[in-house]
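Below is one structure, written out as structure tokens, with a few remarks after it.
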Amino acid sequence: MSSSTTRLIAVISAGERSTEAVLAAEALRRAAADAALDLAVEVRTALGTLGDTGSASEAQHLLLIGDGDFEAERFAGLPRSEASLEQALADARAVLRAATQSPAVSGATSDRPKRIVAITSCPTGIAHTFMAAEGIQQSAKALGHQVRVETQGSVGARDTLTADEIREADLVLIAADTQVDLSRFAGKPLFKSNTKPAINDGKALIVKALAEAQPYRAEATAANTGSSAPKQATSRSGPYKHLMTGVSFMLPFVTAGGLLIALAFAIGGIYVFDDAHKGTLGWSLFQIGAKAGFVLMVPALAAYIAFSIADRPGLAPGMIGGLVAANLGAGFLGGIAAGFIAGYGVYWLNRAIQLPRNLEGLKPVLILPVLGTLLTGLLMIYVVGVPVAEALAAMTAWLRDMQGSSAILLGLLLGGMMAFDMGGPINKAAYAFSTGLLASEVYSPMAATMMAGMTAPLGVALATKVFADRFTIEEREAGNAAAVLGLAFITEGAIPYAARDPLRVIPALVLGSSVSGAISMLVGAELKVPHGGVFVLPIPNAVTHLGGYLVALVVGTVLTAVALRLLKKPAPIVAGTTT
């Protein structure tokens with residue numbers, strides 16, 4: 001064997017599937033010969049063991065294929081990757097290519113330009129999605145790599161990756177704050193992250209991804225059998241990410257329902273829902289918005305929390321559990337509980353129930369939906385639903401009765417949270433809390449939240465014009481974009497400024513947004529839609545106390561700008577320029 005030849009060991013453990021295991025071994029041997037790889041294959045079946053792995057000390061990588069007992073302790077310390085039997089039969093070359101791209105195998109070739117495909121996504125599908133995409137594109141170009149980025153935003157996927165691009169890719173990079181379908185990346189080296197690293201330091205993210213990516217095992221997801229879900233689909237996500245996935249799918253229901261309710265009131269008055277107006281356009285719009293759009297809001301939240309955890313088998317139990325929660329009066333809190341119960345319940349059932357291979361197809365269409373729905377529904381009715389409904393009723397009554405100092409404190413809190421990390425976990429927690437309350441017809445926190453979210457980028461934009469000496473030429477030019485983003489309620493427009501000078505900029509943003517949120521609560525402003533910024537303000541009845549609401553926006557924006565003037569130091573003057 002030449003010293004430059006890569007030596008791999010493949011162990012196939014397939015139980016009763018001995019014929020398929022032998023076919024997979026032969027496919028791997030042929031693919032290895034074509035790629036000039038030295039491959040030793042061992043096949044372990046119920047009939048015995050075929051083949052010999054040779055000396056493990058001379059190998060550079062261990063490839064485990066199948067789901068049986070590999071006795072892998074024989075190869076302790078040897079870098080390894082995994083693939084399913086189906087993947088080896090379908091594309092043995094891709095399986096070997098993924099194994100040889102491991103850092104321990106690729107060695108000196110790791111510095112060559114890579115082909116990278118990426119997906120970016122965030123809960124609202126607006127700012128972070130495209131900022132992360134831009135960060136990955138610019139960083140990959142700077143590092144000398146080729147990259148294609150698919151954005152899964154609020155209007156669906158754009159620049160969708162083709163099958164050829166995925167097949168030829170050296171790395172799949174997922175920068176997402178929500179759950180992304182990974183079934184098309186089976187066998188490819190894949191690395192998962194949230195959007196923040198892509199925005200803040202894309203180069204470091206790409207370097208880390210190239211070093212740590214592992215072949216993705218889709219197992220039965222693509223086949224829709226409902227068997228064990230992908231390890232990587234769940235190992236790097238948690239309750240927050242599942243919740244944000246549910247919120248992202250819930251938002252269109254809230255937006256459509258809220259706007260139609262506002263239009264109904266504008267056309268038919270505040271009593272448009274009475275039977276006296278039945279058949280009128282206003283009454284019809286109210287039925288669509290309130291009796292359909294808002295009714296589906298909690299079930300959609302629960303369904304996609306469960307979907308994020310358990311994939312498609314969790315969808316029906318989550319949606320049904322969410323509707324049970326809504327019928328019990330448990331609102332969005334009950335929907336969240338139902339989503340997690342359904343998701344983790346189905347996830348557990350999926351692993352606990354083992355069926356013969358010829359009956360495995362019954363799990364996703366019959367066994368898991370029925371048992372998952374029974375588990376979720378009964379727990380909601382007899383255990384969780386009533387206490388949650390009582391807690392929500394108490395919180396709703398408290399929020400509606402808030403006046404004076406209590407309202408101001410809530411506005412200060414929500415406002416500060418919106419500006420503190422501008423699209424991060426704290427910001428999203430405030431946003432999810434406010435949008436969830438819309439289902440309980442509590443609208444003032446939503447008004448304060450959107451107000452505070454607009455204030456931060458608008459305050460920065462104003463400061464770049466009025467106090468230009470505090471900003472570089474690049475920052476001043478970017479102020480126009482920040483203004484547009486602020487008007488559209490995209491708080492992330494202030495991120496570039498906060499990233500460059502966080503200790504001075506973030507306190508200024510929190511101050512202005514907190515005050516604007518407090519004023520919004522104090523004047524009793526209510527907002528019936530969860531997004532849109534100033535562009536929803538002209539819609540009749542979308543926001544109440546419009547005059548006071550605009551005052552809050554102006555005061556918060558000016559206060560943010562003044563705070564930036566006081567806290568930031570003058571920007572250095574570049575030779576040959578004027579300020």
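The values are calculated or read from the model by the stated rules, or taken from the named source; none is laboratory data. Just so it is clear, the model here is predicted, and its values are computed rather than measured. Backbone-built Cβ (ideal geometry, glycine too); neighbour counts: all protein chains shown. Heavy atoms of the whole protein, side chains included, go into the accessibility calculation; ligands, DNA and RNA do not. Shrake-Rupley method; radii C 1.70, N 1.55, O 1.52, S 1.80 Å.
Think of a 1.4 Å ball rolled over the protein heavy atoms: the stretch 240-567 then has 40 Å² of accessible area per residue. The label point for residue 157 and the one for residue 276, both projected 7 Å from the Cα toward the Cβ, are 5.3 nm apart.
Mind giving me the FRET efficiency for residue 327 and residue 546? R0 is 35 Å, r the Cβ-Cβ distance, nearest 0.05 is fine. Could the numbers behind the result be given before it?
Details: r = 35 Å, r/R0 = 0.99.
Efficiency, rounded to the nearest 0.05: 0.50.
For the chain, the longest principal axis of the alpha carbon atoms and the long axis of helix 368-379 meet at an angle near 40°. Between residue 397 and residue 90, the modelled labels are 5.6 nm apart [label points 7 Å from Cα along Cα→Cβ].
In the stretch 240-567, the portion of solvent-accessible area held by carbon and sulfur atoms comes to 72 percent [1.4 Å probe, whole percent, DNA, RNA and ligands not counted].
Note down the nm distance, to one decimal, between modelled labels 7 Å out along Cα→Cβ at residue 23 and at residue 183. So the label points at residue 23 and residue 183 sit 2.1 nm apart.
Charged side chains reduced to their Cβ positions (Lys and Arg at +1, Asp and Glu at -1) give the stretch 7-100 a dipole of some 260 debye around its Cα centre. Compared with the direct C-alpha span, the chain from residue 16 to residue 164 gains 49.9 nm at full extension, assuming 0.36 nm per residue. For the stretch 7-100, the solvent-accessible area with a 1.4 angstrom probe is 45 square angstrom per residue. Here the dipole of the stretch 240-567 is about 400 debye; that uses its Cα centre as origin and unit charges on the Cβ of Lys and Arg (positive) and Asp and Glu (negative). Taking every Cα-Cα distance in the stretch 396-520 and sorting them into 10 Å bins starting at zero, the pair-distance distribution P(r) comes out as 15, 45, 27, 10, 2, 0 percent.
Considering only 472, 268, 49, and ranking their Cα positions along the charge dipole of the chain that arises from unit charges at the beta-carbon of Lys, Arg, Asp and Glu, the one farthest toward the positive end is 472. Rounded to the nearest 10 degrees, the inclination of helix 546-567 to the longest alpha-carbon principal axis of the chain is 70 degrees. What fraction of the DSSP beta bridges in the chain is antiparallel, stated in percent and rounded to the nearest 5? So the antiparallel bridges amount to about 20 percent of the total. For the stretch 115-216, the average shadow cast by the Cα convex hull is 5.4 nm², which is a quarter of the hull's surface.
Put a plus charge on the Cβ of each Lys and Arg, a minus charge on the Cβ of each Asp and Glu, and nothing anywhere else: the dipole of the chain about its Cα centre is then about 860 debye. Quick one: if the Förster radius is 25 Å, what FRET efficiency do residue 351 and residue 240 give, using the C-beta to C-beta distance and rounding to 0.05? With a Förster radius of 25 Å, E is 0.65.
Could you work out [θ]222 nm for the chain from helices alone, using -39500 (n - 2.57) per DSSP H run of at least four and dividing by all its residues? Round to the nearest 500 deg cm²/dmol.
Details: 23 runs with 313 residues, N = 579.
The per-residue figure over the chain is -17500 deg cm²/dmol.
Counting only protein heavy atoms and a probe of 1.4 Å, the accessible surface of the stretch 115-216 is 47% carbon and sulfur. For the cross-link pairs 192/528; 141/208; 196/241, the ones whose C-alpha atoms lie over 24 Å apart are 192/528. Counting only protein heavy atoms and a probe of 1.4 Å, the accessible surface of the stretch 7-100 is 50% carbon and sulfur. Note that the stretch 115-216 presents 39 Å² accessible area per residue, ligands and nucleic acids not counted, probe 1.4 Å.
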